[in-house]
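**Student:** Take this structure, written in structure tokens, and hold onto it; I'll ask about it next.
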Amino acid sequence: MKRVFCFLTILLLLTPWTSPSEAQTTCEKTIQAYTYVIEAQHLRMKRVDPRRILPLYEEIIRVLPAPQSYIDYAHMLLEAGRLKKALAILEDGTQRFPKDSRLPFLLGEIYLNLGKKNQALFYLNRALNADPKNQGIYQKLAELYLKDKNYDATFALFEEWEKKASPSSLLYITWGRTYLAIGLYSQALEKFKEALKHNPEDEETLKYMALTYQLMKRGDKAIETYKKLLKLSPASPEITDQLGRLYLQEGQKKEALKLYMKLLSHHPGHPQLVDRVVSILVSMSRKEEALKIADQALKANKKNLRILIIKGTLLEELGKKREALKLYAQFIKENPQEPTAYVEAARLYWKEGKHKKAFEMLRKALVSNPDSPMVYNALAILHSEAGEKEKALANAAYAVVLNPKDPQLLFSLGAMLERQGKWKKGEKFLKKALELSPRNPSILNYLGYMYIDRGVKLKEGIALVKKALRVKPNNPYYLDSLAWGLFKLGKAKEALKIQRRALKLVKKANPIIFGHMAAIYKALGMKKKARECYRKALAHLNDKELAPWEKEEIISGAKSVGLSWP
């Protein structure tokens, strides 16, 4: 109803001074238009087909045209799928009411959504000429210039915005975001500070400031900013998580733990929070405490699979494997249709050397879940471990047939093919997996390392590994992949620095990482160190399932520095 009265007020304001007889006619037209508006609003509330309402808007425009009536008519035409007619109506309205910015602005937005940037730019500039102080128009134009990476035009627009319209937080946030997008962090920070002068408690500005500090590697300032945000929104899981992550990056585990524990007290069965708290406690060698947290969480959220796996893994790490198996058995009893517990139990049986029991567990899973891709993938892994290559591939392929859009299943099949020497076939599935999950660091690293190790598409391989490292910068295996790629490009000195970092971060002795380090040392003429690393690689050669060519590469390298095998 308010909208109707606003519409009538606009009509009356737009009506020029007239004689009494003309005024009477105008008044009659206004009442007539009002009747049509009431009827149109009533039909819209009843969600009547837009095509039935269109004639009413045609009458409103005919009886007493006004900018708002053109806008409403255009919206109704768009709802009815009549795009050309909507554009024509708005263009007509723009000609009739050249001082109204709303009509060309709407045209600009429509053309922008259609991907017609030149038309969008024309109408948005026309809207700005009609209303040079409208902040929303400046923002939309800035977005358009940014999409085209036309930074000169963007910054010129900001300067015009600052002069002609009143400076506001919106201007400085948009300006700061632009600097942020092109990597000018100091300038971005200055603009965000300007935005805060206009609105000191604006959460969006503070979030951008915190992000900028992070990118500038100023963790202390980022933490300070997130603390301000947390005061404004004390119950925000998103801000708490960001601050917790920052504490962890800065090595402040106790602070992170305190923060996550406080949030967990309000959300005791929240799986992501449980994961965070448990991970921190485990890294602090407080596994028993972590187990208590997981136990409490599972009581609060009995059917949550993520918490089940967290508790099962903790029991396993604490050497309580029987308890872990009991946990999975109880879960299976209560949730026979859920395959996860079967798969976890099978994995644990296999690890214990009880291979028959592992296969039996997965066969039981198939009775309750005959079309479970997860179970077939688990079977594929067990057959692969048992050296039954054909069975492994058959099960992995069937898992993909059951769910062809699961990146993890595609990754598993691609990796299995690659490990069996069928890397060209494997590449197809790995690429499909990456299409579906483009930021998955495991897939990025695997595909990248495959290219690097085989000496094909070296630059592409390195680029993929670098993407993986953006997600997990301290992963020793990804660092090893990058170092190996640089080594293959002839950059042994650069590779050495990265490989040393990988060796410091890796928790368990890895023959491949030692082998790569040895090859780098050898290339740099450091034979004594090369021999030492090859000796360590050979000592752990049977600890990890290596592809035949990987084993051969380590043995061959060891022999080249005077070591014998076996």
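**Student:** Name the pairs whose Cβ atoms lie under 7 Å apart, with the first residue in the stretch 215-235 and surrounded by fewer than 15 Cβ atoms within 10 Å (Cβ to Cβ), the second of a type in the set (Val, Ile, Thr) and part of a helix (DSSP H, G or I), and 6 or more positions between them or separate chains?
**Tutor:** 233/239
**Student:** Now a separate question. Can you report the number of residues in the stretch 463-486 which are small (Gly, Ala, Ser) and under 15 Å from residue 506 (Cα atoms)?
**Tutor:** Residues of the stretch 463-486 that are small (Gly, Ala, Ser), as a first pass: 463, 468, 481, 483, 485.
From what's left, under 15 Å from residue 506 (Cα atoms): 481, 483.
Final tally of qualifying residues: 2.
**Student:** Select from the stretch 145-193 the residues that are among the hydrophobic types (A, V, I, L, M, F, W, C) and farther than 21 Å from residue 211 by Cα and list them in ascending order. Spell out how you get there, then give the answer.
**Tutor:** Going residue by residue through the stretch 145-193, those that are among the hydrophobic types (A, V, I, L, M, F, W, C) are 146, 153, 155-158, 161, 165, 170-171, 173, 175, 180-182, 184, 188-189, 192.
Within the stretch 145-193, 153, 155, 156, 157, 158, 161, 165 meet the criteria.
**Student:** Same structure, new question: Let me spell it out: the conditions are (1) free of Cβ contacts under 8 Å to residues at least 24 places away in the same chain; (2) of a type in the set (Ser, Thr, Tyr); (3) surrounded by fewer than 22 Cβ atoms within 10 Å (Cβ to Cβ), and residue 260 meets all of them except one. Which number is the exception?
**Tutor:** (3)
**Student:** Can residue 413 be described as in contact with a Phe, Trp or Tyr (Cβ under 8 Å, 6 or more places away or on another chain) and farther than 27 Å from residue 370 by Cβ?
**Tutor:** Details: in contact with a Phe, Trp or Tyr (Cβ under 8 Å, 6 or more places away or on another chain): yes; farther than 27 Å from residue 370 by Cβ: no.
Criteria not met by residue 413.
**Student:** In the stretch 519-565, which residues are under 23 Å from residue 385 (Cβ atoms), modelled with pLDDT under 85, surrounded by fewer than 16 Cβ atoms within 10 Å (Cβ to Cβ) and not aromatic (Phe, Trp, Tyr)?
**Tutor:** Within the stretch 519-565, 542, 543, 544, 545, 547, 548 meet the criteria.
**Student:** For the stretch 129-153, how many residues meet the condition of being surrounded by fewer than 16 Cβ atoms within 10 Å (Cβ to Cβ), outside any helix (DSSP H, G or I) and among the charged types (D, E, K, R)?
**Tutor:** Summing the residues that are surrounded by fewer than 16 Cβ atoms within 10 Å (Cβ to Cβ), outside any helix (DSSP H, G or I) and among the charged types (D, E, K, R) in the stretch 129-153 gives 3.
**Student:** Taking the residues in the stretch 341-379 that are β-branched (Val, Ile, Thr) and more than 18 Å from residue 321 (Cβ to Cβ) as candidates, determine which candidate is modelled with the highest pLDDT.
**Tutor:** 375
**Student:** Name the residues in the stretch 258-273 that are among the hydrophobic types (A, V, I, L, M, F, W, C) and in contact with a Leu (Cβ under 7 Å, 6 or more places away or on another chain), would you?
**Tutor:** Selection gives 259, 263, 264, 273.
**Student:** On to the next question. Taking the condition free of Cβ contacts under 8 Å to residues at least 40 places away in the same chain and surrounded by fewer than 16 Cβ atoms within 10 Å (Cβ to Cβ), does residue 385 pass?
**Tutor:** Numbers: free of Cβ contacts under 8 Å to residues at least 40 places away in the same chain: no; surrounded by fewer than 16 Cβ atoms within 10 Å (Cβ to Cβ): yes.
So residue 385 fails the test.
**Student:** Could we say that residue 288 is of a type in the set (Asp, Glu), on the phi < 0 side of the Ramachandran plot and either at pLDDT 95 or above or surrounded by fewer than 16 Cβ atoms within 10 Å (Cβ to Cβ) (or both) here? It would help to see each step written out before you state the result.
**Tutor:** Numbers: of a type in the set (Asp, Glu): yes; on the phi < 0 side of the Ramachandran plot: yes; either at pLDDT 95 or above or surrounded by fewer than 16 Cβ atoms within 10 Å (Cβ to Cβ) (or both): yes.
It is true that residue 288 is of a type in the set (Asp, Glu), on the phi < 0 side of the Ramachandran plot and either at pLDDT 95 or above or surrounded by fewer than 16 Cβ atoms within 10 Å (Cβ to Cβ) (or both).
**Student:** Another question about this same structure. Across the stretch 419-434, what is the total count of residues that are part of a helix (DSSP H, G or I) and either touching a residue at least 40 places away in the same chain (Cβ under 8 Å) or surrounded by fewer than 17 Cβ atoms within 10 Å (Cβ to Cβ) (or both)?
**Tutor:** So the answer is 5.
**Student:** If I ask for residues that are of a type in the set (S, T, N, Q), more than 15 Å from residue 192 (Cα to Cα) and either modelled with pLDDT under 90 or surrounded by fewer than 15 Cβ atoms within 10 Å (Cβ to Cβ) (or both), which ones from the stretch 154-172 would you list?
**Tutor:** Result: 166, single match.
**Student:** Among the numbered conditions (1) crowded, with 21+ Cβ neighbours inside 10 Å; (2) more than 23 Å from residue 170 (Cα to Cα); (3) at pLDDT 90 or above, tell me where residue 85 comes up short.
**Tutor:** (1)
Okay, residues lined up against (1) more than 18 Å from residue 517 (Cβ to Cβ); (2) among the charged types (D, E, K, R); (3) modelled with pLDDT under 95; (4) surrounded by fewer than 17 Cβ atoms within 10 Å (Cβ to Cβ):
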| residue | (1), (2), (3), (4) |
| --- | --- |
| 441 | yes, no, no, no |
| 466 | yes, yes, no, yes |
| 470 | yes, yes, yes, yes |
| 479 | no, no, no, no |
| 484 | no, no, no, no |
| 491 | no, yes, no, yes |
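The values are calculated or read from the model by the stated rules, or taken from the named source; none is laboratory data. Because the structure is predicted, anything quoted here is derived from the model rather than measured. Quick reminder, even Gly has a Cβ in these numbers, built from the backbone with ideal geometry, and neighbours come from all protein chains shown.
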